[in-house]
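Each remark here refers to the structure printed beneath this line.
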């Protein structure tokens, strides 16, 4: 007996699909940015690739991606690699920065856990932070041809190095570096390191009886003022419920807190708070406002350099199939881009300086395993992920797309 689909059922199905589409692409009116190209890049000798982090060199006009390569299935022959690309997508260089011992074959498959951040020094050297030194947290400087200058294990004075986790690195105009870290069980730590890898100073950050865990940071002025972003827990006296606040610290060149700002916000590994400085000098923060963690309420807040609130806008609100991995980056004219992943589809939204959506696009099935990176220039965004491993031999490749935004 054949089952016939009634017209009412068809109408209901169409309406349901339309609702789902509008739910994922809320406020999607407006033009779409131009997707310039999308390409995949393999590793040599049949090795598999995993992406760590990426940056853009303005002086050389190149996109640089740091990741790992390894033998599929056995996870041997591990290497930390640097790949350089022209803006048109041509890969111009592939360099092995470090051989990885087979004793660390498990982390090699997830490069983003090994390599936290990277930058280019004013002399063109590769600066990076992550688990470089036999799996321990370290700051590394390497030449562009893969010769190691130094590797500096990172730990707070008097503490074990395993107690410190490096989150981010800020490259300063004098070629010194700020390492943004967290200390177990829950305080923030900033270490300033000179170009030779020697520690200049370190500071811990908390709110008295409340610890602070950093999630991101941004440079305010080229000579060293910066802003730290993190979260802190607070037990409500009446209900005894643990609530969370987001905290911003504006610091001077010696790490001293000049001003701070607290506002309610939730925490989630799917949506860690992120911050970036716009070319106008303003700061934008993306975060989950829902403190009860039941429904995602992703917001954007814009602040002045002295942490005065300009405006707040909602990005998306969802209960199921939550977006993950929010990234934010500055583009020209005081505008910015927000990207996130929904079940492997990459959504990318362009906002003007007042937080109004200008354009959007979606790259279907672009993200694998929820891991991607976003790098922005004055008029473009580069999104980086990796392909799903081949079913037969298990090889995955680096995947890059370039998106251009109208002025």
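The values are calculated or read from the model by the stated rules, or taken from the named source; none is laboratory data. Owing to the predicted nature of the structure, the values given are computational and were not obtained by experimental measurement. Because the Cβ atoms are built from the backbone with ideal geometry, glycine has one as well, and the counts that use them run over all protein chains shown.
Please determine, by comparing only the residues of the range 361-386 that are touching a strand residue (DSSP E or B) at 6+ places or on another chain (Cβ under 7 Å) and surrounded by fewer than 17 Cβ atoms within 10 Å (Cβ to Cβ), which one is farthest from residue 271 (Cα to Cα).
Residues of the range 361-386 that are touching a strand residue (DSSP E or B) at 6+ places or on another chain (Cβ under 7 Å), as a first pass: 361-368, 370-377, 379-386.
Subsequent filtering for residues that are surrounded by fewer than 17 Cβ atoms within 10 Å (Cβ to Cβ) retains 362, 364-365, 370, 379.
Values: 362: 19, 364: 20, 365: 20, 370: 12, 379: 25 Å.
This residue is 379.
I'd like to verify a number: residues in the range 263-320 that are over 21 Å from residue 180 (Cβ atoms), over 19 Å from the mean Cα position of the chain (by Cα), modelled with pLDDT of 95 or more and assigned to a strand (DSSP E or B), how many?
So the count comes out to 4.
What's the number of the condition residue 399 fails, among (1) assigned to a loop (DSSP other than H, G, I, E, B); (2) under 21 Å from residue 72 (Cα atoms)?
Only one criterion in (1) assigned to a loop (DSSP other than H, G, I, E, B); (2) under 21 Å from residue 72 (Cα atoms) is unmet by residue 399, namely (1).
Take the conditions under 20 Å from the mean Cα position of the chain (by Cα), under 12 Å from residue 52 (Cβ atoms) and at pLDDT below 85 and apply them to residue 115. Does it pass?
no
Give 63, 82 a once-over and let me know the one that is under 19 Å from residue 147 (Cβ atoms), at pLDDT 95 or above and in contact with a strand residue (DSSP E or B) (Cβ under 7 Å, 6 or more places away or on another chain).
Working: 63 fails: under 19 Å from residue 147 (Cβ atoms).
Being under 19 Å from residue 147 (Cβ atoms), at pLDDT 95 or above and in contact with a strand residue (DSSP E or B) (Cβ under 7 Å, 6 or more places away or on another chain) holds for just one of 63, 82, which is 82.
Within the range 282-316, work out how many residues are touching a residue at least 60 places away in the same chain (Cβ under 8 Å) and surrounded by fewer than 21 Cβ atoms within 10 Å (Cβ to Cβ).
The total comes to 3.
Any chance you could count how many residues in the range 348-360 are surrounded by 21 or more Cβ atoms within 10 Å (Cβ to Cβ) and either under 15 Å from the mean Cα position of the chain (by Cα) or not in a strand (DSSP E or B) (or both)?
1
I'd like to verify a number: residues in the range 363-389 that are within 16 Å of residue 48 (Cα to Cα) and without any contact (Cβ under 8 Å) to a residue 24 or more places away in the chain, how many? Break it down stepwise before answering.
Of the range 363-389, the ones within 16 Å of residue 48 (Cα to Cα) are 368-369, 371, 384-389.
Adding the requirement that they be without any contact (Cβ under 8 Å) to a residue 24 or more places away in the chain leaves 369, 388.
The qualifying residues number 2.
Quick check, is residue 128 under 18 Å from residue 384 (Cβ atoms) and either surrounded by 15 or more Cβ atoms within 10 Å (Cβ to Cβ) or in contact (Cβ under 8 Å) with a residue 60 or more places away in the chain (or both)?
Numbers: under 18 Å from residue 384 (Cβ atoms): yes; either surrounded by 15 or more Cβ atoms within 10 Å (Cβ to Cβ) or in contact (Cβ under 8 Å) with a residue 60 or more places away in the chain (or both): yes.
It is true that residue 128 is under 18 Å from residue 384 (Cβ atoms) and either surrounded by 15 or more Cβ atoms within 10 Å (Cβ to Cβ) or in contact (Cβ under 8 Å) with a residue 60 or more places away in the chain (or both).
Can you tell me which of (1) over 18 Å from the mean Cα position of the chain (by Cα); (2) part of a strand (DSSP E or B); (3) modelled with pLDDT under 95; (4) closer than 27 Å to residue 54 by Cβ is the one residue 333 doesn't meet?
Tallying (1) over 18 Å from the mean Cα position of the chain (by Cα); (2) part of a strand (DSSP E or B); (3) modelled with pLDDT under 95; (4) closer than 27 Å to residue 54 by Cβ, residue 333 fails exactly one: (2).
Considering each residue of the range 30-61, count those that are buried (at least 17 other Cβ atoms within 10 Å of the Cβ) and part of a strand (DSSP E or B), and give that number.
Matching residues across the range 30-61 total 10.
Pick out the one residue from 130, 124 that is touching a helix residue (DSSP H, G or I) at 6+ places or on another chain (Cβ under 6 Å) and either closer than 21 Å to residue 372 by Cα or assigned to a loop (DSSP other than H, G, I, E, B) (or both). Spell out the reasoning first.
Values: 124 fails: touching a helix residue (DSSP H, G or I) at 6+ places or on another chain (Cβ under 6 Å).
One residue alone meets the criteria, 130.
How many of the residues in the range 137-180 are modelled with pLDDT under 85, in contact with a strand residue (DSSP E or B) (Cβ under 8 Å, 6 or more places away or on another chain) and either part of a loop (DSSP other than H, G, I, E, B) or surrounded by 15 or more Cβ atoms within 10 Å (Cβ to Cβ) (or both)? Before the answer, list the steps.
Just the residues of the range 137-180 that are modelled with pLDDT under 85, to begin with: 155-163.
Then keep just the ones that are in contact with a strand residue (DSSP E or B) (Cβ under 8 Å, 6 or more places away or on another chain); that gives 155-157, 159, 161-163.
From what is left, the residues that are either part of a loop (DSSP other than H, G, I, E, B) or surrounded by 15 or more Cβ atoms within 10 Å (Cβ to Cβ) (or both) are 155-157, 159, 163.
Number of matching residues: 5.
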